[in-house]
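Heads up: the structure comes next, in structure tokens.
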Amino acid sequence: MVKGRALFPRMAPPDPEGLPTETRELLEACRARSGLPQTPFIYGVLAVHPALLSRLVGAGLGRMPDALLAPADRELLVLRTLRNCGGEYEWTHHVRQAPGRGLDTDGVRLARDGAHDDGSREALLVLAADDLHSEHTLSAQTWQRLEKHLSHAEILELVVLVGFIRVFALVGNALCLPLEPCMQERVDRPWPVEVKPE
């Protein structure tokens with residue numbers, strides 16, 4: 001949990017009846033994509049600003065069908081970024097989705113605990129996410145190592161993905177979003193957690 005964080009949500013989702021039809025349809029698409037019985041709170045709250053919701057969901061970098069980075073690599077970067085940002089709400093959702101994106105339990109632990117630099121691609125990705133978090137850039141050494149494993153387009157995708165996920169971590173943290181009731185029962189505490197498989 002983030003220090004000084006309120007213990008209650010700071011903003012509630014708007015009444016769907018008062019939303020434009022296209023926003024209600026987008027929220028339903030978000031619910032269906034999540035696999036949950038209800039719309040995830042983060043999307044519901046973003047509906048307070050329908051244009052912002054549309055832009056953020058439309059950007060959807062985590063689900064880019066034409067992404068250059070492998071799904072497991074993207075999920076490792078997402079989880080490490082959420083861990084670094086204290087993004088408990090999004091962490092819980094992404095841990096649940098990790099196996100479907102090719103990230104196994106060891107990968108989740110690596111994202112949670114950080115990497116001992118063993119020269120592996122996964123450790124390098126964690127190091128890159130850590131650089132971007134702590135220094136807001138990639139060190140010269142990290143950049144040189146990334147160039148040995150990734151194309152420039154893949155490095156650019158990595159940087160943008162980490163920045164994009166920070167936005168969602170910040171929203172969840174600043175608004176003190178609680179987990180949905182259907183997620184609460186599947187989570188072991190304390191955070192960061194591993195989530196029981198579906």
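Just give me the residues in region 174-188 being surrounded by fewer than 19 Cβ atoms within 10 Å (Cβ to Cβ) and in a helix (DSSP H, G or I), in sequence order.
Result: ALA174, PRO181, CYS182, GLN184.
Of all the residues that make up region 77-106, how many are more than 23 Å from PRO13 (Cβ to Cβ) and in contact with an Asp or Glu (Cβ under 6 Å, 6 or more places away or on another chain)?
Total meeting the criteria: 3.
Quick check on this structure: which one of GLU147, GLU90, GLU154 is touching a Phe, Trp or Tyr at 6+ places or on another chain (Cβ under 6 Å), in a helix (DSSP H, G or I) and modelled with pLDDT of 90 or more?
The unique qualifying residue is GLU90.
Would you tally the residues in region 113-136 being closer than 15 Å to ASN84 by Cα, in contact with a helix residue (DSSP H, G or I) (Cβ under 7 Å, 6 or more places away or on another chain) and assigned to a loop (DSSP other than H, G, I, E, B)?
2
Scan LEU52, LEU46 and give me the residue that is surrounded by fewer than 17 Cβ atoms within 10 Å (Cβ to Cβ) and over 13 Å from the mean Cα position of the chain (by Cα). It would help to see each step written out before you state the result.
Working: LEU46 fails: surrounded by fewer than 17 Cβ atoms within 10 Å (Cβ to Cβ).
Exactly one of LEU52, LEU46 is surrounded by fewer than 17 Cβ atoms within 10 Å (Cβ to Cβ) and over 13 Å from the mean Cα position of the chain (by Cα), namely LEU52.
Go through (1) more than 21 Å from LEU36 (Cβ to Cβ); (2) of a type in the set (A, V, I, L, M); (3) surrounded by 24 or more Cβ atoms within 10 Å (Cβ to Cβ) for ALA72 and report which single condition fails.
For ALA72, the failing item is (3).
Is it the case that some residue within region 158-168 is within 15 Å of ARG80 (Cβ to Cβ), charged (D, E, K, R) and at pLDDT 80 or above?
yes
The values are calculated or read from the model by the stated rules, or taken from the named source; none is laboratory data. Quick caveat: nothing in here was measured; it's all calculated off a predicted structure. Every residue, glycine among them, receives a Cβ derived from its backbone with ideal geometry; neighbour counts consider all protein chains shown.
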